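First comes the structure, then the notes that go with it.
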Amino acid sequence: MQPESHPSAFRPVPRTGVIYVTGEARKLGFDPADADWCNLGQGQPDTGELPGAPSREHTVPILVDDQEYAPVAGLMELRDAIAGYYNRTYRRGMKTHYGAENVCVSGGGRVGLARAAAALGQINLGHFLPDYTAYEELLDVFKAFTAIPILLEAERAYALPIEELRREIQGRGLGALLFSNPNNPTGRHIQGEELRRWIELGRDSDCSLLIDEFYSHYVWSGKPGQLPVESAARYIEDIEREEVVLFDGLTKNWRYPGWRMTWTMGPKKVVEAVANAGSFLDGGGSRPLQRAAIHLLEDAHMEAETRATHQAFRAKRDLVISRLERLGVRFDRPPEGTFYAWGNVSALPEGLNDGMGLFRALLQEKVIVVPGEFFDINPGKRRQGRGSRFQQYVRFSFGPAMGTIEKALERMERVVLGAAR
């Protein structure tokens, strides 16, 4: 006889895409320390040494004062260093510049996004499909705003012309727009003059832009010789009058995900609101790690790290794209940014031609990928329907080391070619 279920004060909380796939892998014995597993589902970059990159940080000194709480908005020295990095990299010759009061430090990207979401008012908040899986719960838990989806079409390689964006903002009465740029998972990158037009539209339409720039140093479509980085900070005329809020950190661009060191940039009034939200959401980040992070923002360190990362990850990107295309995976557009390849698997053999089917088959070979349906974010499950538009897509990460990627591709080739016989 089954025991009676008792009502609970807690609701079932779904797992995000990466957490789900690694949870399923653990049922089959997955251990991150086991080199026989190939995690092409991971959302973190290879954190090891790279040729030409600065040596990895292995020790963090803890001063006497570091035993105390850090300020909720972060150490002033770190906030000042972050502002200086943006001013030197993106705002030379501009009339307005960032200061420490334009920066709020937080203990991880999701924390920074949650602080911002908690600080939003009663507005319509636009978001794109597909986009980062963790947005789904973030857009559902905070009830002050209403999340409005904007569909991006594979047939147009996920581009959204400026006039269509204008109609979305005006027709839906959007007070803010949240999006990752470069986009996770598609790799679509709004940059240059197009990005400038988006910022101008936000200003002219009184629509705040909340831009997740965590992959802003993984730029594959830049000009040769230029530092492969991009940020909306380059195109904002007045940082106090234009409500453009940026999210970034050490997680991806400096390859230190375990530090949980991120920041929010924006007008002072926005940063103050975000910090106030942090006072009841999380209380602030690690003081020793904040102090240790300051020198990582120095130009020489950042540029060496970025160029080394770009060289290593570009090779992995090209390998993943070419090998998967030979197997029959189709890419609506090659990734212009991030370390992900967003592939349509509909042409693969029966049983492997949808995201969940391929995921399950590859798990048996100790390879992890993320089915595309997890990026069809649906806050509160308000959109009804038979299934996701992205059921035949998979996100392949080329974040792991090259050896892991090569091993994973060999196993995938064995699975696909075996099914085709």
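The values are calculated or read from the model by the stated rules, or taken from the named source; none is laboratory data. Because the structure is predicted, anything quoted here is derived from the model rather than measured. Using ideal geometry, Cβ is built from the backbone for each residue, glycine included, and neighbour counts are taken over all protein chains shown.
Computed quantities for the displayed model
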| item | result |
| --- | --- |
| Filter result (in a loop (DSSP other than H, G, I, E, B) and basic (K, R)) within the range 21-71 | K27, R56 |
| Residue, farthest from T306 (Cα to Cα), within the range 72-97, restricted to residues that are among the hydrophobic types (A, V, I, L, M, F, W, C) and part of a helix (DSSP H, G or I) | M76 |
| Residues of the range 308-334 satisfying the condition of being basic (K, R) and either free of Cβ contacts under 8 Å to residues at least 60 places away in the same chain or more than 21 Å from Y215 (Cβ to Cβ) (or both) | R323, R326, R330 |
| Any hit, the range 381-392, residues being under 19 Å from the mean Cα position of the chain (by Cα) and hydrophobic (A, V, I, L, M, F, W, C) | yes |
| Qualifying residue in the range 98-108 (condition: touching a Pro at 6+ places or on another chain (Cβ under 9 Å), outside any loop (DSSP other than H, G, I, E, B) and in the same structural domain as A293 (by TED's automatic domain parsing)) | yes |
| Enumeration of residues in the range 35-62 that are acidic (D, E) and over 20 Å from A341 (Cβ atoms) | D36, E49, E57 |
| Residue match in the range 65-86 (condition: at pLDDT 95 or above, in contact with a Cys (Cβ under 7 Å, 6 or more places away or on another chain) and closer than 23 Å to V111 by Cβ) | yes |
| Subset tally (residues that are crowded, with 22+ Cβ neighbours inside 10 Å and of a type in the set (K, R)) for the range 77-124 | 2 |
| Answer from A361, A315 - the residue that is aliphatic (A, V, I, L, M), surrounded by fewer than 15 Cβ atoms within 10 Å (Cβ to Cβ) and within 22 Å of Q42 (Cβ to Cβ) | A315 |
| Top-ranked residue of the range 381-401 - restricted to ones that are at pLDDT below 95, of a type outside the set (G, A, S) and surrounded by 12 or more Cβ atoms within 10 Å (Cβ to Cβ), ranked as nearest to L152 (Cα to Cα) | R389 |
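Yes or no, residue by residue, for (1) closer than 15 Å to R56 by Cα; (2) in the same structural domain as E410 (by TED's automatic domain parsing); (3) of a type in the set (F, W, Y); (4) out of contact with any helix residue (DSSP H, G or I) (no Cβ under 9 Å at 6 or more places or on another chain):
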residue: V270; (1), (2), (3), (4): no, no, no, no
residue: S279; (1), (2), (3), (4): no, no, no, yes
residue: G285; (1), (2), (3), (4): no, no, no, no
residue: Q290; (1), (2), (3), (4): no, no, no, no
residue: A293; (1), (2), (3), (4): yes, no, no, no
residue: T309; (1), (2), (3), (4): yes, yes, no, no
residue: L319; (1), (2), (3), (4): no, yes, no, no
